[in-house]
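Q: Structure below; questions to follow.
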Amino acid sequence: MDIMRKIEDLFVKHEKKIEIGYGIFCAFVFFLWSIKSGAFTAPDETMRYQIPEYIYRYGALPNGDMEELRNELWGFSYAYYPNMLGPIMSAAFMKIASIFSTEKYVLLMAARITSILFGVVSVMFLMMSCKRLFSRKTKWVITVFVSMIPQFVYLSTYVNNDIICIGGSAIICYSWICGLQDGWNYKNSCILTSGIVVCSLSYYNSYGWILCSIFLFGFSFVLQRNDSGKYKKMLKYGLFISCLTLLVISGFFIRNAILYDGDFLGMNSLTQSSELYAVDWLKPSKRNIAVNIGMSVREMLHSTQWGKHAWLESTYKSFIGGFGYMEFFLSDTMYNIYKFVIILLLAGWIGQVIQWMLKQEKTTLRNQRYLSLFYVNLLIAFCIPICLSIYYSYAVDYQAQGRYCYPMIISLGILLASGYEWYIVKLKDIYAKAISIFMVAGEIGMMVYAYLFYYVTVINKG
């Protein structure tokens, strides 16, 4: 008991250093996975890498109409999208690396640094969010749980936009908590702006976080009482956030509108290019998708027409861990362990919500109204990426991949944290500590096991 207490005291005393140390540990893990991955063995990396490579070579943003960037199968280039934050950062790292070597794999690894960094950003902002809302035990259990999910680690290892928008959503979530706890000021407004900018310039399936930010920000003032100047403050900080955001991102969208006849998102231009230049069976009008064959959404979700697993199962499994081009999966036992933990903690969250409703107890978000506001928007941000992924598979291109749902991972982490907290407050402190230590060790152990026996071994066989 005395030893445990001394260890805990030491941990508390050096908590900030330990938090930074965990961020460094995550960076090491992501880098280790990255160097073990072969070149262009991950989904979309070949096409995604073309954009920073072009910027690195020519010092300018590419045009989606450029034939040399057009994929010969799909008939389009990702250069149509205005989401240039990742490519610009990757190109900068490539420039730095080129001082020492211009070997292709070295430049690829330099481009991947952006994903590694945003993986760490996601972890650290999730940690800071949990630190403000929950106990120290819950903070560590959930931060480690999310950061050690094999698929989360995988997304942090190769050139993609998914992990960048996750980082943006983590920043936004943290800004919500700061704004609701401390009130909106220039500091919290800058944090929110940073998250919005990252999401805006990364991936459209994280735009739900931007939409929810508008709702949460506005209603956080509406719900205030006894503050005659609240609407003046809302206008002041709202204009500050809007102007600062537009100042940073507007150039990319205006450029798109000029290049592609008003198509500021680039989506229609990309579709038109694919219709013109893709191989026949990959043209949008001829793709083997549910909407083209008269299948309902419900039927699509349960159909095995497109593969061994139905949409729901394939999406869940690749959300936990699916490597390569959806070729290599973990064992059923690992998927079942994650499923059990997630369901158990979500059940705890439901129990926590019922307790809040019945007891109207004090919360870490100043009052019950702010608590409801926070969780309603969190649930919306949770649902939107899943709905977008379903729609994309149904109407655009069947892609039952968990990575398309990953912009909701921060929402899921906070919900799981609420559930875990609900359970452990009912236990004696010594048992809560023991369970938390076991959970953290198990989460890291699962990641190591996935790396040794699936990621390295199976991919090398492939």
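The values are calculated or read from the model by the stated rules, or taken from the named source; none is laboratory data. Given the structure is predicted, the values throughout are model-derived calculations rather than measurements. So basically every Cβ, Gly included, is an ideal-geometry build from the backbone, and we count neighbours across all protein chains shown. Keep in mind that these areas ignore ligands, DNA and RNA; they rest on the heavy atoms of the full protein, side chains included. Shrake-Rupley method; radii C 1.70, N 1.55, O 1.52, S 1.80 Å.
Q: Would you mind calculating the gained length between L235 and V297 on full extension (0.36 nm times residue separation, minus the Cα-Cα distance), in nm to one decimal?
A: The span from L235 to V297 would gain 18.1 nm if fully extended.
Q: Would you mind checking the tilt of helix 368-395 against the longest principal axis of the Cα atoms of the chain, expressed as 0 to 90 degrees and rounded to 10?
A: For helix 368-395, the angle is close to 20 degrees.
Q: Quick check: Cα centre of region 18-45 to Cα centre of region 154-230, how many Å?
A: Each part's Cα centre sits 25 Å from the other's.
Q: If you don't mind, there's one more thing I want to ask. With r as the distance between the Cβ atoms of K16 and F453 and R0 = 45 Å, compute the FRET efficiency 1/(1 + (r/R0)^6) and round to 0.05.
A: 0.80
Q: Just grab the label-to-label distance for V222 and K426, each label 7 Å out from Cα along the Cβ direction, in nm (one decimal).
A: 3.5 nm
Q: Given a 1.4 Å probe and every protein chain left where it sits, what share in percent of the accessible area of region 198-277 is carbon and sulfur?
A: 68 percent
Q: Would you please name the trypsin sites (Lys or Arg not before Pro) within region 175-252 that are DSSP coil residues with at most 16 other C-beta atoms within 10 Å of their C-beta?
A: Counting only loop positions with at most 16 other Cβ atoms within 10 Å, the trypsin sites (Lys or Arg not before Pro) in region 175-252 are R225.
Q: Ok, one more. Please list the non-local residues whose amide H lies under 5 Å from the amide H of Q399, H modeled 1.01 Å from N, same-chain partners needing a gap of 5 or more.
A: Long-range HN contacts for Q399: S393.
Q: Then there's this: Calculate the FRET efficiency for Y391 and I99 from the Cβ-Cβ distance with a Förster distance of 35 Å, rounded to the nearest 0.05.
A: According to the calculation, E is roughly 0.20.
Q: Binning at 10 Å from 0, report for the chain what percent of all alpha-carbon pair distances ends up in each bin.
A: Result returned by the calculation: 4, 19, 29, 27, 15, 5, 1, 0.
Q: In addition: Starting from the Cα of K426, draw a straight line to each of the aspartates and glutamates and keep only those under 19 Å, dropping any in the same chain fewer than 8 residues away.
A: E361
Q: Whole-Hz ³J(HN,Hα) for each residue in region 414-429, computed from phi via Karplus 6.51 cos²θ - 1.76 cosθ + 1.60 with θ = phi - 60°, x for glycine and proline: what do you get?
A: Rounded to whole hertz, the list is 5, 5, 5, 5, 4, x, 5, 4, 4, 6, 6, 5, 8, 9, 5, 4.
Q: Quick one: Karplus J couplings for region 200-206, per residue in order, coefficients 6.51, -1.76, 1.60, θ = phi - 60°, nearest Hz, x for Gly and Pro?
A: Each residue of region 200-206 in turn: 4, 9, 10, 7, 5, 6, 9 Hz.
Q: Which value, in debye to the nearest 20, describes the size of the charge dipole of the chain about its Cα centre when Lys and Arg Cβ atoms bear +1, Asp and Glu Cβ atoms bear -1, and nothing else is charged?
A: 1700 debye
Q: What accessible area per residue, rounded to a whole number of Å², is obtained for the chain using a probe radius of 1.4 Å?
A: Solvent-accessible surface per residue comes out at 45 Å².
Q: ³J(HN,Hα) across region 144-159 via Karplus (A = 6.51, B = -1.76, C = 1.60, θ = phi - 60°), whole Hz, x for Gly/Pro?
A: 5, 4, 5, 5, 9, 4, x, 5, 4, 4, 4, 5, 8, 10, 9, 6
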